[in-house]
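Reviewing the structure listed below.
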Amino acid sequence: MVDAAVHAPERRRPTGAVLGGAPAFAIPPLHCPFPVVPGHPDVEALVEHTLKWMHRFGLLPDQPDAATRARSHCMLIARAYPTASFDRLATIIDFINWLPDDICENLSIGGASTRELHTLLSQMHAVIGTPDTYMQGKYNGGSFTDALRDIWSRMARASTPEWRKRFGRHVTSYIEGVVWEASNHDVGLIPSRAVYQSMRSYTSGMYMLWDFIEFTGDFLLPDTVLEDPMIAELARTANMVVALSNDIFSLHKEALNGDVHNIVIVLQQEEALTRENACRRAVELHDAQVGHYCALEGILPSFGNRIDQDLARYCEGLRIWMRANYDWSTVTPRYNAA
């Protein structure tokens, strides 16, 4: 699917109107019917841990808002996995703060070549693609790769080969998606809505975060269950709820940065809408995905008592994530400059 979307023919290019400045209108409310769940009780200790860890590996840039961004990521993950053990949640938070999302965005928008970006992301795959290589050893250095090796050694010790293999596949899809975005920047391309939404499932990174539902809950759903068409559609829909929500909340930031990989900008170009009407249309798409998710969860097939119990925990994790992301997005400095 990733390869098919990457190679789909596209010829639309950004225009001045589409790439205009920040929107001067209020974002319409998004539908989020999922109950609020209290965040992890040790969030402040987790913030302290990850800031020390980032300092240790030289990952905290000398920028005024660097610690604020790291803290904000901690707050999101603490909301998303509220019952996880401290050690496993700390591992996930370190990974999220390591994950080169902002690095990739800044490189591609700033003019770095797709090859340079691919080289950076290949370091990620080199570590996670060989999961048992780095299970031993302690990493005290300050390199970008050593930081990932430290994270992966902790993940590997707390997971099964099956989980690591699936996680590695999702990392690969994420890498392909980010390189696809950079390629679009290279040629000044706004993708079609169909291609964008297909690729957004991968560039969001949410499939990796869905894997962490099992990692924190200490259970494992068989691949045959997760690949069942109904379960795969459920995971895809939850992914799109989060991805579309993020696009809508991040519109101000991405419009200012000249980033075209946002559903609002894609709709504005494809349907010849004003920015405000494109935003309203994006909210409609988001709310439709929420409704689709709720309908799907009510008609899931049964896989036997034990698996059904784990599947119920997985679904609960998806609902918690969607709510956590919504609540976090309304307050995070990442999207709210004030």
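Things to note:
- Residue within the range 277-293 that is among the acidic types (Asp, Glu) and under 19 Å from Ala232 (Cα atoms) present: no
- If you go through the range 224-255 and keep only what is over 21 Å from the mean Cα position of the chain (by Cα) and touching a residue at least 12 places away in the same chain (Cβ under 8 Å), you end up with Val225, Asp228, Met230.
- Note on the range 1-30: among residues that are of a type outside the set (Gly, Ala, Ser) and within 20 Å of the chain's Cα centre (by Cα), the one that is modelled with the lowest pLDDT is Val6.
- Filtered by the rule that a residue be hydrophobic (A, V, I, L, M, F, W, C) and touching a Leu at 6+ places or on another chain (Cβ under 9 Å), the range 58-74 gives Leu60, Ala66, Ala67, Ala70, Cys74.
- Applying a threshold of 6 Å to beta carbon distances and a minimum spacing of six or more residues, or different chains, the list of pairs starting in the range 298-318 at a residue that is within 17 Å of Phe215 (Cβ to Cβ) and ending at one that is of a type in the set (Gly, Ala, Ser) and surrounded by 15 or more Cβ atoms within 10 Å (Cβ to Cβ) reads Arg313/Gly217; Leu318/Ala238.
- Annotation: of all residues in the range 256-285 being of a type in the set (Gly, Ala, Ser) and free of Cβ contacts under 8 Å to residues at least 60 places away in the same chain, the one that is nearest to Met208 (Cα to Cα) is Ala282.
- When the range 50-70 is filtered for residues that are surrounded by fewer than 19 Cβ atoms within 10 Å (Cβ to Cβ) and outside any loop (DSSP other than H, G, I, E, B), the ones remaining, listed by number, are Leu51, Lys52, His55, Arg56, Ala66, Ala67, Thr68, Arg69.
The values are calculated or read from the model by the stated rules, or taken from the named source; none is laboratory data. Note that the structure is a prediction, hence the values are computed from the model and not measured. Using ideal geometry, Cβ is built from the backbone for each residue, glycine included, and neighbour counts are taken over all protein chains shown.
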